[in-house]
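Undergrad: Below is one structure. I have some questions about it.
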Amino acid sequence: MRIKAFLFDLDGVLTDTSELHFLGWKRLAEEEGINFTREDNEALRGVSRRESLNLLLKGRQVTEEQALEMMERKNGYYIELVGQMTPADLLPGALKMLDENRRIGIKQAIVSSSKNAWLVLDRLQIGDMFDAVIDGNAPARSKPYPDLFLLASKAVGVPVKECLVVEDAEAGVQAAHAAGMRALGLGPVDRVGAAELVYDSLQRHTAQEILNFFN
Ligand code: B16
Ligand code: MG
C-alpha cells in the first residue's frame, strides 16, 4: 500500500518539549520530596499526563484530589516554559519535511497525547500546515492504544494502511502498529526499534526518501 499521509507525533518529533515536560515534572517532584531523574523521564515519553504522574509517584498513594492538583501544578510549570518557545524551537529538518509534504500532496496530521498540542503549534507557528490535529483532548484512550491514530486516519480521509506514523516514543510505535499502520521511529533502537524504519532525527532526510522506502 502506498503511503498517502504522514501522522506526526509532536513532542520529540517536531520539537523537543520532552525537556520542558521534564523540568515541569522535576519541579513538582522536588516539591513533593520525590527523586526524579532525566532517566526516569524517559519512561514518560509519549504517555499521558495521568500515566506520567503514576510513574513519577513510584507507587506512592495519593487521593484523587491530590492527583488532580499535582497534574495541574505541573501543567502550570510546563505552560510557563512553553510560553517562551518560538519557531526556532522546531527540530532540525522538521519544517523542511512539512513543506515538502505539502508540495508533493501528502496529507499530514498531528497526533499527540498532549492536551497542550495547540499551544505548542501556535508557538511554533505551524498550526496551518496540517490537515488535522488530533490531541489529548480527543475523547479517546491515549497511546499505546491506537485510538488517536485511528481518529487521524478518518480526519485526513486516508485508510490506515496508507498512513505512516512518525514517532519518538515506544508507546507511540506500539499505538501505530495497534492501529495497523507502519511507523518511522526517531531515536535510539532500544526505544523505537520496533518501527519499520529508524532514523536519529528528521535532519538530512526527505519525505521522498521515506516514501521510496515504504512504497
Ligand atoms: P500534556 P506526544 C506527549 O505528547 C508527551 O510526549 C508526554 O511526555 C506527555 O506526558 C503527554 O504528551 C501529555 O502531555 O500534559 O501536555 O497533556 O509525544 O504524544 O506529542
Ligand atoms: Mg512524542
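Undergrad: Find the relative contact order for the chain and round it to a whole percent, using C-alpha pairs within less than 8 Å whose residues are 6+ positions apart. Display every interim value, and only then the final one.
TA: Values: 366 pairs, mean separation 57.6, N = 215.
So the answer I get is 27 percent.
Undergrad: Given a cut-off of 19 Å, name the pairs among 107/161; 26/58; 107/143; 58/115 whose C-alpha atoms lie farther apart than that in the structure shown.
TA: Result: 107/143; 58/115 exceed 19 Å.
Undergrad: Give the calculated FRET efficiency between residue 96 and residue 141 to the nearest 0.05, with a Förster radius of 30 Å applied to their Cβ-Cβ distance. Spell out each step's value before the answer.
TA: Details: r = 33 Å, r/R0 = 1.09.
Once the sixth-power term is evaluated, E becomes 0.35.
Undergrad: Take every DSSP beta bridge whose two residues both sit in the chain, then give the antiparallel share in percent to the nearest 5.
TA: Details: 1 of 20 bridges.
If we restrict to bridges inside the chain, about 5 percent are antiparallel.
Undergrad: Compactness ratio of the range 56-132: Cα Rg over 2.2 N^0.38 Å, N = residue count? Before the final figure, lay out the partial values.
TA: On the way: Rg = 16.8 Å, N = 77, 2.2 N^0.38 = 11.5 Å.
Taking N as the residue count of the range 56-132, the ratio is 1.46.
Undergrad: Shifting gears a bit: Out of residues 5 or more away from residue 198 or on other chains, whose amide H comes under 5 Å of its own, with H placed 1.01 Å from N in the peptide plane?
TA: 185
Undergrad: In whole Hz, with x marking every Gly and Pro, tabulate ³J(HN,Hα) for the range 179-192 from phi via Karplus 6.51 cos²θ - 1.76 cosθ + 1.60, θ = phi - 60°.
TA: Each residue of the range 179-192 in turn: 7, x, 10, 8, 9, 9, x, 10, x, x, 4, 5, 9, 10 Hz.
Undergrad: Quick one: Karplus J couplings for the range 10-17, per residue in order, coefficients 6.51, -1.76, 1.60, θ = phi - 60°, nearest Hz, x for Gly and Pro?
TA: 9, 5, x, 10, 9, 8, 9, 6
Undergrad: Here's something else I'd like to know. For the range 26-59 and the range 106-156, what is the centre-to-centre distance using only Cα atoms, to the nearest Å?
TA: Using only Cα atoms to place each centre, the spacing works out to 23 Å.
Undergrad: If amide hydrogens are placed 1.01 Å from N in the peptide plane, which non-local residues have theirs closer than 5 Å to the one on residue 165?
TA: Residues meeting the criterion, in which the H sits 1.01 Å from N, are 7, 182, 183, 184.
Undergrad: Give me a comma-separated list of calculated 3J(HN,Hα) values for the range 73-81, in order, Karplus coefficients 6.51, -1.76, 1.60 applied at θ = phi - 60°, integers in Hz, x for any Gly or Pro.
TA: Rounded to whole hertz, the list is 4, 4, 4, x, 4, 5, 4, 4, 5.
Undergrad: Count charges around residue 180 for me, please; just the other residues with Cβ under 14 Å from its Cβ, Lys/Arg as +1, Asp/Glu as -1. Please report the intermediate quantities before stating the final value.
TA: On the way: positive: 154, 161, 182; negative: 147, 162, 196.
Charge balance in the 14 Å sphere: 0.
Undergrad: What translational diffusion coefficient, to the nearest whole µm²/s, does the chain have by Stokes-Einstein, given a Kirkwood radius computed over alpha-carbon pairs, a temperature of 10 °C and 1.306 mPa s viscosity? If you can, show how the numbers build up before the last one.
TA: Numbers: Rh = 17.5 Å.
Rounded to a whole number, D works out at 91 µm²/s.
Undergrad: Next question. Between residue 115 and residue 88, what FRET efficiency follows from the Cβ-Cβ distance if R0 is 41 Å, with the result rounded to 0.05? Before the final figure, lay out the partial values.
TA: Working: r = 24 Å, r/R0 = 0.58.
So, using R0 = 41 Å, E works out to roughly 0.95.
Undergrad: Moving to a separate point now. Given q = 0.11, 0.12, 0.16, 0.23 Å⁻¹, what are the Debye log10 I(q)/I(0) values for the range 1-129, with equal point scatterers placed on the Cα positions and solvent ignored?
TA: The Debye formula, applied to the Cα set alone, gives -0.44, -0.51, -0.81, -1.37.
Undergrad: Moving on. Hey, got the Cα dimensions of the range 18-82 along the principal axes, in Å, largest first?
TA: If we take the Cα atoms of the range 18-82, the spans are 28, 23, 21 Å.
Undergrad: Turning to a different aspect of this structure: Could you check the simple spin-label distance between residue 161 and residue 19, using points 7 Å along Cα→Cβ, in nm with one decimal?
TA: 4.2 nm
Undergrad: What 222 nm value per residue comes from the helices of the chain, counting each DSSP H run with n ≥ 4 as -39,500 (n - 2.57) and dividing by all residues, nearest 500 deg cm²/dmol? Mind showing how you got there, number by number?
TA: Values: 10 runs with 97 residues, N = 215.
When only DSSP H runs of four or more count, the value is -13000 deg cm²/dmol.
Undergrad: Residue 196 to residue 63: extension gain in nm, 0.36 nm per residue of separation minus the Cα-Cα distance? Walk me through the intermediate numbers first.
TA: Working: separation 133, 0.36 × 133 = 47.88 nm, distance 4.14 nm.
So the chain would gain 43.7 nm between residue 196 and residue 63.
Undergrad: Here's a follow-up. Just want the answer: with Cβ charges of +1 for Lys and Arg and -1 for Asp and Glu, which residue in 43, 62, 23 is farthest toward the dipole's positive end in the range 18-82?
TA: Result: 43.
Undergrad: A further question on this structure: Which FRET efficiency value, to the nearest 0.05, is calculated for residue 214 and residue 154 with the Förster distance at 25 angstrom and r the Cβ-Cβ distance?
TA: Details: r = 21 Å, r/R0 = 0.83.
Taking R0 as 25 Å, the efficiency between residue 214 and residue 154 is 0.75.
Taken together, the values in this text are just the output of simple stated rules run on the coordinates, not laboratory data. Every value quoted in this text rests on a predicted model; they were computed, and no experiment measured them. When we count neighbours, we look across all protein chains shown, and the Cβ atoms used for this are built from the backbone with ideal geometry, even at glycine.
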